[in-house]
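Presented below is the structure to which this report refers.
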Amino acid sequence: MNKPRETARLLVRNGYLITMDDDETIFEHGAIAIGDDGRILAVGDDADIAARYQAGQTIDAHGAPIHPGFVECHLHASYHLFRGVLPDQLVESDSFDTFEGHFYNTVTDEDEYLSVLLACLEMIRNGTTCFMEAGTVLTPEMAARAAGEVGIRAVIGDAFIWDQPQGFAQGKTDGQGCATCAAQARLHTELKRAPKTREEALATLGAQLKRNADPDALVTGHVAVLGLGTASEELMMEAKDCADAASVTLNIHQSYSPADTEADRKRFGRDPLLHLGAIGFLDRNVTFAHANHLTDAECEVLLERGASLAWAPAASMMWGHGSSMHGRHGELWRRGGNVALGSDSPNWSNDFDLWRQSNLAVLAARDTHMDRTYLVAEDGIAMATRAGARAVGLEKQIGSLEAGKRADIVIHTLDRPEMVPSTNMIRNLFYASRSKSVHTVVVNGRVILEEGRFVGIDERAIYAEVRKASRSLLNRMGHKVEANAVPRAARRP
């Protein structure tokens with residue numbers, strides 16, 4: 001007598017299943033059963049799962065790749081309304097002097113909501129199902145609202161946790177670095193809605209942790225400190241204690257450019273990460289954004305303490321900070337370090353596509369070390385999934401397709417020229433199609449993007465609203481933008 005089949009809410013069948021589990025298991029003809037609570041019930045061969053489960057909804061992947069949703073570990077989600085405004089010939093210090101501070105003193109809550117909404121749509125379309133915001137949305141509730149409406153998983157921090165108005169100016173260096181430091185310092189003191197003192201920062205610190213009371217919440221909280229010289233040691237250690245008590249990630253910018261790295265070295269009297277290790281800040285629950293400039297000694301203490309890095313290769317390349325040449329990310333990864341990925345902001349890498357970041361990470365490491373085998377496609381995918389999940393503090397929940405974990409799943413299509421012929425599914429996916437073949441996206445067991453269309457979301461209406469809001473914001477800031485204009489300095493003589 002046949003055993004009755006168990007009931008699942010959703011079955012994803014007939015796919016090339018890249019589980020990213022401990023054994024890097026791949027089912028060439030795989031399937032996933034998902035329960036009513038949004039968790040994965042079972043993963044395995046298609047025939048076995050189909051024989052065991054019946055479901056109200058079934059998705060046929062038609063042989064295409066299926067993998068865990070990507071995890072975005074460093075982004076500034078409120079900048080989308082001015083993506084592309086900064087011209088290529090603009091130096092970084094001028095971007096802070098002439099734009100960033102003015103933006104934050106002009107942007108409204110509704111602007112931030114629309115910007116994060118657009119960012120969430122972009123991430124889902126590119127196969128990202130979870131993001132950790134860098135603590136730069138002035139009103140975090142707007143980020144939570146937007147993420148909730150799209151249905152993406154989000155880890156939100158408090159806005160601008162800092163307490164040192166002098167910031168980078170303490171460690172001035174010669175040349176452009178000095179100008180950037182001073183510009184950042186001015187940015188700090190000019191933001192009207194950001195904390196100015198340690199007392200003000202501590203009053204806000206940890207406020208977003210209230211979101212963690214619901215274990216099933218899609219939008220949760222972490223502890224974010226801006227860093228890069230803008231936080232005193234006292235504030236940093238208060239933040240560390242807060243993160244430890246709540247068992248969440250502490251997210252902070254670190255060693256972004258040569259200038260701020262040298263500023264920290266002068267401030268601490270030794271390599272920055274050596275100092276942070278000595279005072280007890282460096283730990284497994286800390287994620288450093290960027291970390292483009294590290295010494296041998298800092299690499300050793302990072303590996304010893306188990307902190308994570310959120311590498312944003314495109315952002316470094318965009319502004320010429322040299323992480324592809326001088327960064328140690330590939331080396332740390334090969335030695336067992338946890339290196340995740342981030343997109344930074346819409347004017348620092350200009351898109352929120354972790355397929356692009358993972359591809360650049362692998363290729364940059366190969367080019368730097370002049371070794372085709374230094375990193376491979378599987379490394380890039382692991383950085384965007386398992387490593388990302390750990391970096392945001394959710395490795396027990398997401399990052400791999402395994403029974404008991406949340407069903408955050410990306411299904412591709414083979415109906416792309418880049419996926420034909422399918423000689424090697426992972427190679428085609430990583431080096432050719434990347435995000436272009438993302439077809440259907442499931443978050444927490446719910447279909448968010450179905451065959452290239454958002455479920456229950458009017459994309460065109462949102463885009464029209466964002467365009468209108470962007471024009472209004474830029475007008476209020478006094479920025480006149482001429483479409484498709486080529487700046488004179490960028491033209492050939």
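Things worth noting here:
- Selected residue (criterion: surrounded by the most Cβ atoms within 10 Å (Cβ to Cβ)) from residues of the stretch 332-371 that are among the hydroxyl-bearing types (Ser, Thr, Tyr) and touching a Lys or Arg at 6+ places or on another chain (Cβ under 9 Å): Ser343
- Restricting attention to the stretch 468-493, the residues being open to solvent by less than 60 Å² (accessible area, probe 1.4 Å) and either within 20 Å of Leu117 (Cα to Cα) or modelled with pLDDT of 95 or more (or both) number 5.
- Extreme residue, surrounded by the fewest Cβ atoms within 10 Å (Cβ to Cβ), among residues of the stretch 247-300 that are in a loop (DSSP other than H, G, I, E, B) and acidic (Asp, Glu): Asp283
- Any hit, the stretch 49-69, residues being in a loop (DSSP other than H, G, I, E, B), within 29 Å of Lys436 (Cβ to Cβ) and under 22 Å from the mean Cα position of the chain (by Cα): yes
- Screening Asp111, Asp94, Asp45, Asp37 for residues that are in contact with a helix residue (DSSP H, G or I) (Cβ under 8 Å, 6 or more places away or on another chain), open to solvent by 20 Å² or more (accessible area, probe 1.4 Å) and not β-branched (Val, Ile, Thr) leaves exactly one candidate, Asp94.
- Neighbours by Cβ (under 6 Å, 6+ apart or cross-chain): first from the stretch 263-286, within 13 Å of Ser308 (Cα to Cα); second β-branched (Val, Ile, Thr): Leu273/Val301; Asn285/Thr249
- The set of residues from the stretch 431-452 being of a type outside the set (S, T, N, Q), assigned to a loop (DSSP other than H, G, I, E, B) and open to solvent by 20 Å² or more (accessible area, probe 1.4 Å) comprises Glu451, Gly452.
- Residue within the stretch 204-227 that is touching a helix residue (DSSP H, G or I) at 6+ places or on another chain (Cβ under 6 Å), farther than 25 Å from Ala146 by Cα and open to solvent by 10 Å² or more (accessible area, probe 1.4 Å) present: no
- Considering Leu138, Leu117, the condition of being out of contact with any His (no Cβ under 8 Å at 6 or more places or on another chain), surrounded by fewer than 24 Cβ atoms within 10 Å (Cβ to Cβ) and in a loop (DSSP other than H, G, I, E, B) is satisfied by Leu138 alone.
- Those residues of the stretch 385-430 which are out of contact with any strand residue (DSSP E or B) (no Cβ under 9 Å at 6 or more places or on another chain) and buried (at least 21 other Cβ atoms within 10 Å of the Cβ), in sequence order: Phe430
- Any hit, the stretch 453-467, residues being among the basic types (Lys, Arg), within 25 Å of Gly38 (Cβ to Cβ) and open to solvent by 60 Å² or more (accessible area, probe 1.4 Å): yes
- Inside the stretch 315-354, residues that are more than 15 Å from Glu92 (Cβ to Cβ) and either assigned to a strand (DSSP E or B) or aromatic (Phe, Trp, Tyr) (or both) make up a count of 6.
The values are calculated or read from the model by the stated rules, or taken from the named source; none is laboratory data. Worth saying up front: this structure is predicted, and the values here are computed from it rather than measured. Ideal geometry is used to build each Cβ from the backbone, glycine not excepted, and the neighbour counts take in all protein chains shown. Each accessible area value is taken on the protein alone, full model and side chains, heavy atoms only, with ligands, DNA and RNA left out. Shrake-Rupley method; radii C 1.70, N 1.55, O 1.52, S 1.80 Å.
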